[in-house]
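See structure below.
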There are 2 protein chains.
Amino acid sequence: MTNTTLITNVRTADGARVDVSIAGGRIAAIGPGLAREPGVHIEDGADALLLPGFVEGHTHLDKTNWGLRWYRNEVGPKLTDRIENERRWRAQSGHDAGAQSLALARAFMEAGTTRLRTHVDIDTDAGLRHLEGVLATRHALRDVFDMQIVAFPQSGLLGRPGTDALLDGALAAGADVLGALDPALIDGDPVASLDLTFSLAQRHQKPIDIHLHEPGEVGAFTLGLLLDRVAALGMQGQVVVSHAFCLGALPERERDALLARLADLRVALLTTAPPSVAVPSLKACLEHGVTLFGGNDGIRDTWTPYGSPDMLERAMLIAMRNGLRRDDDLALAFDCVSSVAARACGFEAYGLQAGARADLVLVDADTLAHAIVARPPRKLVVANGRVVARDGALVQ
Amino acid sequence: MTNTTLITNVRTADGARVDVSIAGGRIAAIGPGLAREPGVHIEDGADALLLPGFVEGHTHLDKTNWGLRWYRNEVGPKLTDRIENERRWRAQSGHDAGAQSLALARAFMEAGTTRLRTHVDIDTDAGLRHLEGVLATRHALRDVFDMQIVAFPQSGLLGRPGTDALLDGALAAGADVLGALDPALIDGDPVASLDLTFSLAQRHQKPIDIHLHEPGEVGAFTLGLLLDRVAALGMQGQVVVSHAFCLGALPERERDALLARLADLRVALLTTAPPSVAVPSLKACLEHGVTLFGGNDGIRDTWTPYGSPDMLERAMLIAMRNGLRRDDDLALAFDCVSSVAARACGFEAYGLQAGARADLVLVDADTLAHAIVARPPRKLVVANGRVVARDGALVQ
């Protein structure tokens, strides 16, 4: 196969000046002074910083109001307030998960994200309607955007009979991962809830990604039950715990014992690094060999006004939340929305090496830390070998 | 005086559609359907959201590397590491506080800030050199930018003999406010340090703005000593405590007792709302009648890679740090970088009413909360009645 595109004159995060040749959607070669073969399309990188396409590890594309009139948030403070408010609002508004997920996925691409894991609401009101919308978005973008779908019981698993059958249907219909939610504090029965979740996952041979908001000691208790099941069922390397706020609040000795088990069972953690809630420490996770990666959670929906499809902003927030200031530490925050997220989610052929999928981002920035704090418009975004955005705007 | 500019067709944060007429640098009138007088310059607001010019309550213009090559942060974790590192770096780099403060002040204007309080380093190495640079910036921008200068002993007051004389000289040379730094943990003698600070302020009849990073109980102890002096010397309404991290970490009863004293003595608090440190709660301050306003702290300097001259971003970070999601709560975070900051710093004629200085910002946003989370480019910035920026770029 001939090389089809050559990106010239870019800098890697370690300061090397390189060209990148792309063929068949892959990086064919990366290094200084690559040959300009006849007929190849040249993109002048103009001394930009070269980064791998970003990875969003946890969002809710189906919930977003991105691009619509502003949603005025007048919601009460409890988790159940937010769940009930969303249910009411959907019934009134005719929310279209397909159109909305497409709008937000395109905004992610524009800002340099080429792989993404999204949790999609499955409940007895909506059935599989949200899943169908997001599956349509995935299909529409299949040539350039790598999307994993988590079948997520937003209203809980045990409280609404029939939810397990819907999750079963969602996994059969194309969801990649089984979701779950607060087995103790939402479902009220952590053993029954986890047992049902693990049996569903095992039946479909799918990984699990569970929302665990449960705080402190109750979260630690639930997490312990979950880890028991990972060990007993041999699901090492197939489970993600999203949020895991409890790990931010426990005494260090108890936290470290859980981190050691997480590392041993290769259970990864996902953080959005919210500034107002205790969160797992990035440095503590690294010290214990626990994989911690990053995501937005919802973006401009009935839950939250915040969030951005710009994963450089999420890297900045992760770094700020962890009190990181040194350039080498900011690079660790970037890993959370790039290589580590790809590894945790199982996105293949990721990175800036020959053979990897050609997912590339160019920005005008002196260094990686500069890119994170300045978040400049993306000069060029390449996804699966194609230019999908230029100067901050989609080209297709 | 005739009206010189009419901004038509804008929306206020409460949804009213208004025009704004400007004359002599002031808002002459604001309301629906104002008359288009002959000869008046018309700016079509095109349905933009109208906001008052933003207020930066605490930054360090003299320290910034804004616009220079990226500064690679390899600094150790302690406050004294950062102080010593900055001292070494300045000696090597020939840092120009005048040029740097001008570059950053212009970036603030571009993003809609028209009033700003900056702490300027005064120490026995630099003498008044930084002050002279920032005074030159203030002079250069005097027609459009309202700048308060705090004479700030970055290396402490007691440890380097001669610092008090330099602060005395700085206040005589044009500094508006006397700064101070951690009387216990940096100066080692909170009583002597505070007594010297208050006597200097009294001699010059200047207000005080003290950096108080001291955590928990030691910070509470120092804060108590400070409040004793405010009461004894009749300096109610003339003191700001910046950071006041201790108030984020104390037991509620102890915290509330201090908040009650702060309210009683009209001592205001400044927060940058860092995500990784305990901070005073915005809601608790409001409940106790304590003035809490917002600022960046340093921006891209040897201390920190973070910070932005966009005060909408700071409002977002304050809101996120306080766990605010509702639209009415996000408006409180905006107050911290607008009306409340103006009141706390003593910036006069502030606001969106006839007679106020015409400092205005237009953005394309549905609502105030939308503006805070989306931080769109500023369509128009008016400072002291003049258009200073358009479509995100300075016009002068």
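Every number in this text was worked out from the coordinates using simple rules, so none of it is lab data. If you're wondering where the values come from, they're calculated on a predicted model, not measured in any experiment. So basically every Cβ, Gly included, is an ideal-geometry build from the backbone, and we count neighbours across all protein chains shown.
If you take the beta carbon distance between B:GLN353 and A:VAL40 as r and set R0 to 45 Å, what does 1/(1 + (r/R0)^6) give as a FRET efficiency, to the nearest 0.05?
0.10
Might you report the magnitude of the Cβ-based charge dipole of chain B about its Cα centre, with Lys and Arg at +1 and Asp and Glu at -1, to the nearest 20 debye?
Computed about the Cα centre, the dipole is about 540 debye.
Determine ³J(HN,Hα), in whole Hz, for all residues of region B:317-334 in sequence, where each value follows from phi through the Karplus function 6.51 cos²θ - 1.76 cosθ + 1.60 and θ = phi - 60°; x replaces Gly and Pro.
For region B:317-334, the Karplus curve yields 5, 5, 5, 5, 4, 8, x, 8, 10, 6, 4, 5, 6, 4, 5, 5, 5, 5 Hz.
Label-point separation (nm) for B:ASP189 and B:PHE221, each offset 7 Å from Cα along Cα-to-Cβ?
Inter-label distance under the simple model: 1.6 nm.
Ordered by residue, what ³J(HN,Hα) values in Hz, to whole numbers, does region B:125-133 give under the Karplus form 6.51 cos²θ - 1.76 cosθ + 1.60, where θ = phi - 60° and Gly and Pro are x?
7, 8, x, 9, 4, 5, 4, 4, x
Find the relative contact order for region A:54-345 and round it to a whole percent, using C-alpha pairs within less than 8 Å whose residues are 6+ positions apart.
Dividing the mean separation by the residue count of region A:54-345 yields 20 percent.
Any idea which of A:ASN73, A:VAL40, A:THR59 is furthest toward the positive side of the dipole for region A:14-98, if Lys and Arg beta-carbons carry +1 and Asp and Glu beta-carbons -1?
Selected residue: A:ASN73.
Points 7 angstrom from Cα along the Cβ direction at B:THR124 and B:ASP364: gap in nanometres?
5.6
Could you work out the percent of alpha carbon pairs in chain A separated by over 29 Å, rounded to a whole number?
Roughly 42 percent, rounded to a whole number.
Which Cα, out of B:SER101, B:LEU380, B:SER242, lies furthest along the positive dipole direction of the protein assembly as shown (beta carbon charges, K/R +1, D/E -1)?
So the residue furthest toward the plus end is B:LEU380.
Check the axis relating chain A to chain B and name the residue of A whose C-beta is nearest, distance in whole Å.
A:PRO275, 2
Could you work out the local net charge near A:PRO183, counting Lys and Arg as +1, Asp and Glu as -1, over the other residues with Cβ closer than 12 Å to its Cβ?
Result for the neighbourhood of A:PRO183: -4.
State to the nearest 20 debye the size of the charge dipole of region A:43-85 about its Cα centre, where the only charges are +1 on K and R beta carbons and -1 on D and E beta carbons.
With only Lys, Arg, Asp and Glu charged at Cβ, the dipole is about 460 debye.
Once every DSSP H run of n ≥ 4 in chain A is given -39500 (n - 2.57) and the sum is divided by its residues, what mean residue ellipticity at 222 nm do you get, rounded to the nearest 500 deg cm²/dmol?
-11000 deg cm²/dmol
Hey, for B:ARG390 with labels 7 Å out along Cα-Cβ, what do the inter-copy distances come to in nm, ordered shortest first?
2.8
To the nearest 0.05, what FRET efficiency results for A:VAL395 and A:GLN236 with a Förster distance of 45 Å applied to their C-beta separation?
0.60
If each label sits 7 angstrom from Cα along the C-beta direction, how far apart, in nm, is B:ARG87 from its counterparts in the other copies?
6.3
Based on Cβ point charges of +1 for Lys and Arg and -1 for Asp and Glu, what charge dipole magnitude is obtained for region B:29-148 about its Cα centre, in debye rounded to the nearest 20?
Magnitude of the dipole: close to 380 debye.
Which longest run of chain A has no exposed loop site in it, a site being GluC sites (Glu not before Pro) in a DSSP loop with at most 13 other beta carbons within 10 Å, and the site itself not part of the run?
A:75-347
Note the distances from B:ASP264 to each other copy's matching label point, with points 7 Å along the Cα-to-beta-carbon direction, in nm, sorted shortest first.
Reported distances to equivalent positions: 5.6 nm.
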